[in-house]
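Visitor: Shown below is the structure under consideration.
A short reminder: the numbers here are calculations on the coordinates, not readings from a lab. Just so it is clear, the model here is predicted, and its values are computed rather than measured. We place every Cβ from the backbone using ideal geometry, glycine too, and count neighbours over all the protein chains shown.
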């Protein structure tokens, strides 16, 4: 699933410069995310993990946008968790659930 697909599915607005052709292969928590992973941030409780996340893209609200590191594709949404769940559900039975997330297989 590409970032363009995710933006279309969730209504999230990509930050200028986001690579919408990037293929997301997994959803994971911020602190466990790595290359190819989509994560989300909705709460101040987890905001510190944003600085060191390995996620290639993050769904988050406008208030956290300035904290998203350079090189991380930002998708802005009013409801980051709900958007994250929507992406995870869209993978349906095609995904493989792993220890740290859900693999999104085409």
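Visitor: Take the stretch 33-52 and flag every residue that is out of contact with any helix residue (DSSP H, G or I) (no Cβ under 6 Å at 6 or more places or on another chain), closer than 18 Å to residue 65 by Cβ and surrounded by fewer than 23 Cβ atoms within 10 Å (Cβ to Cβ).
Guide: Selection gives 43, 44, 45, 46, 47, 48, 49, 51, 52.
Visitor: Still on this structure: Looking only at the stretch 62-93, count how many residues are in a loop (DSSP other than H, G, I, E, B), free of Cβ contacts under 8 Å to residues at least 60 places away in the same chain and surrounded by 15 or more Cβ atoms within 10 Å (Cβ to Cβ).
Guide: We begin by selecting, within the stretch 62-93, every residue in a loop (DSSP other than H, G, I, E, B); these are 68-72, 77-79, 91.
Those still in the list that are free of Cβ contacts under 8 Å to residues at least 60 places away in the same chain too: 68-72, 78-79.
Remaining after also requiring surrounded by 15 or more Cβ atoms within 10 Å (Cβ to Cβ): 68, 72, 79.
Residues flagged as in a loop (DSSP other than H, G, I, E, B), free of Cβ contacts under 8 Å to residues at least 60 places away in the same chain and surrounded by 15 or more Cβ atoms within 10 Å (Cβ to Cβ) within the stretch 62-93 amount to 3.
Visitor: If you scan the stretch 1-56, which residues turn out to be more than 21 Å from residue 78 (Cα to Cα), in a strand (DSSP E or B) and without any contact (Cβ under 8 Å) to a residue 40 or more places away in the chain?
Guide: Passing the criteria: only 23.
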